[in-house]
Ligand code: IVH
């Protein structure tokens, strides 16, 4: 074999891993997917032709090997302990922990506050990653804490876990953390399964745990998992920093994913503040957490505090209210969606879950309802996590009640329940071969579909017309005032007088609504695409489309093939777009919307270099007083910038708002330019 081939293989491995890291850890892709695939295939081919070049840390090993008969037991070099949990969800949990630590250390009232590292309590599965001389050699589950299972093959398929550490030759470095499934990946996976009539995952945690314990690594590889490190196991030949937070920083520098959502705080009040700050944003996090974790930051103090009954005295988990609860199904309604989709919805005995009272929960479709066998009168688990709509996860059968004595005698049957007719417009209902959903055939003749389409259009993630809620839309559609989204901007149809005459409106709220409508005209391409309500085009896809095509005209001109060049757009989504645009009616609405002044900053893909921030990477941290983080991101992206999730050498600017955390430290460490809010605003509006 020539030295060239050896060289090329090594170069390819390094390059593929670099792109992997950018994509999965930094969330800032560096090359198009197709190019990545090309590099990956070239590497695969070289390795197949030259088996002597095989290496355990080659990125090609991520695709999963042969199915296993079982998992081999592995004794942990250092036991994997658990932590005490404060179930008391008010502030007192934090205060009690600080008091215990101070007492244990013999500190009095006048002694300085203890420094704590605060982090999230990820809701997944604990994993130990063993690196020898920087190469991942083994991954194990926690098991009983003493002995776990060897799940190396499956863990290798997790793209954000480095197969080797950057610049680390330590004899042994065990990284401990949590494997989890993000909400977005969980939703996408379930959507896909549902569309194919395959079983869905109950929740992200089970998704993560189940995937790791899959005996067939090829199946495990299909489940999208992620990882965050939160500590160390055995360490040999590695100079550990002196604090927990610095350890996490050092791990991040080695390429290990570490959550940015962490803070170093002083004393009990610092813990309470962190608990509250995270509670306020729990819904917006991209993954589930069930609480936060406080750790004494100094490793020396950790040693001094030690353990009690196999739990460290220096750490505690502080919980949040649960996102799953039990309740009873009072009825099953069928709702007509924006696209005519008929969705069975469970009417529940109201229950407090995930921070709100829930009385409706989706059952998704007929097959899911039958598979879970949900019937009126059943006790069910309801789940509400983040912004995701509440759903019935499953039935908890009461073993004392014989099956035959359940309130409803048979499994759910959507067609019979509706006598074959749309509950809103009476049109025929159909379920196509191979489809999971029943649909109303009424199209926009069906008022339910018209109403949903309008509500979606005006929704917060779409054109964001404040005040255009369902009560108003009901009236506007029922009275025939508004039929399409374009009618909203038609001053002849929607004028002050007409609006003021509606129920619950007055001149003032009518004027407010008109102002909100006028304001909504200035939007972004991604929001506009999303607002159109195209089947299978959610928020994430709309963003990808906007970024890829840069302008609406480019998107309108795309065919099914070029649509599939977009990240995560497969044949199904591409076909939905093609079908949508093939409807003359839809194109007309788009044209009317543009004619009425709905606009957004557009950029041609090839001309991005002309935008002021093209090629610049920003990272946002802390809270800005004048705008939300999403707004700041949108503004920057519209100016050509890339907004990344974490700070690296490639970051050009870090925008630091109030309470900026570890990203700001990182920026200083790497000497990245930091902008405060004032300077940031000046940069966005140079003329002012
Ligand atoms: S520290 C000795 N930190 O919670 C301390 N654990 O009982 C070891 N977990 O199953 C754990 N997030 O997998 C720690 N930021 C975090 C965590 C965390 C989740 C899990 C862990 C274990 C349980 C602790």
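Here, each number is a calculation from the coordinates, and none is a lab measurement. What you see is a predicted model, and the numbers here were worked out from it, not measured in a lab. Because the Cβ atoms are built from the backbone with ideal geometry, glycine has one as well, and the counts that use them run over all protein chains shown.
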Rounded to the nearest 500, what is the chain's calculated 222 nm mean residue ellipticity when only DSSP H runs of at least 4 contribute -39500 (n - 2.57) each, over all residues? -10500 deg cm²/dmol
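Considering just Cα atoms, how many Å³ per residue does the convex hull of the range 148-289 enclose?
Convex hull volume per residue, Cα atoms: 131 Å³.
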Below 8 Å, C-alpha to C-alpha, sequence gap of six or more: please give me the relative contact order for the chain in percent. 10
0 to 90° range, to nearest 10: angle between helix 629-638 axis and the chain longest Cα axis: 80
Inter-probe distance in nm under a simple model that places probes 7 Å from Cα toward Cβ, at residue 416 and residue 90: 5.2
Mind giving me the FRET efficiency for residue 105 and residue 497? R0 is 60 Å, r the Cβ-Cβ distance, nearest 0.05 is fine. 0.25
Contact order normalised by length for the range 177-321, with contacts defined as Cα pairs under 8 Å and 6 or more residues apart; what percent is it? 22
I'd like to know how the range 277-355 sits against the 2.2 N^0.38 Å rule of thumb: what's its Cα Rg over that expected value? 1.81
Hey, any idea what Rg/Rh is for the range 452-495, computing Rh the Kirkwood way over Cα pairs? 0.92
Cα-Cα pairs above 20 Å in the range 533-667: how many percent? 56
Cα-based Rg of the range 483-557 per 2.2 N^0.38 Å, rounded to two decimals? 1.38
Whole-percent tail of the Cα-Cα distance distribution for the range 4-86, cut at 15 Å, equals 68
I'd like the projected area of the range 282-426, averaged over all directions, using the convex hull of its alpha carbons. Report it in nm² with one decimal. 12.7
Give me the number: length gained by fully extending residue 504 to residue 625, i.e. 0.36 nm times residue separation minus the C-alpha to C-alpha distance, one decimal in nm. 40.2 nm
Quick calc: nm separation of the 7 Å Cα→Cβ label points for residue 587 and residue 333 -> 3.9
I'm a student and want to see the number: the projected area of the Cα convex hull of the range 347-459, averaged over all directions, in nm². 8.9
Which value in nm describes the separation of the simple spin-label points at residue 521 and residue 652, placed 7 Å from the Cα toward the beta carbon? 3.2
Per the Debye formula with a single identical scatterer at each Cα and no solvent contribution, what log10 I(q)/I(0) holds for the range 78-136 at q = 0.12, 0.23, 0.24, 0.26 Å⁻¹? -0.51, -1.10, -1.15, -1.23
Percent breakdown of C-alpha pair distances by 10 Å bin, ordered from the shortest bin, for the chain: 3, 12, 21, 25, 21, 12, 5, 1, 0
Please work out the FRET efficiency for the pair residue 389 and residue 171, using the Cβ-Cβ distance as r and a Förster radius of 45 Å; give the result to the nearest 0.05. 0.35
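Quick check: convex hull over the Cα atoms of the range 643-688, volume per residue in Å³, rounded to an integer? Working shown, then result.
On the way: hull volume 3.3 nm³, N = 46.
Convex hull volume per residue, Cα atoms: 71 Å³.
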Could you give the Stokes-Einstein D for the range 227-314 in µm² per second, using the C-alpha Kirkwood radius, 20 °C, 1.002 mPa s? 146
What FRET efficiency do you get for residue 594 and residue 7 if R0 is 51 Å and r is their Cβ-Cβ distance, rounded to the nearest 0.05? 0.45
Within the range 236-251, backbone nitrogen closer than 17 Å to the virtual label 7 Å beyond the Cα of residue 112 toward Cβ: 242-246
For the range 99-172, just the Cα set please: Rg and Dmax, both in angstrom. 18.4, 53
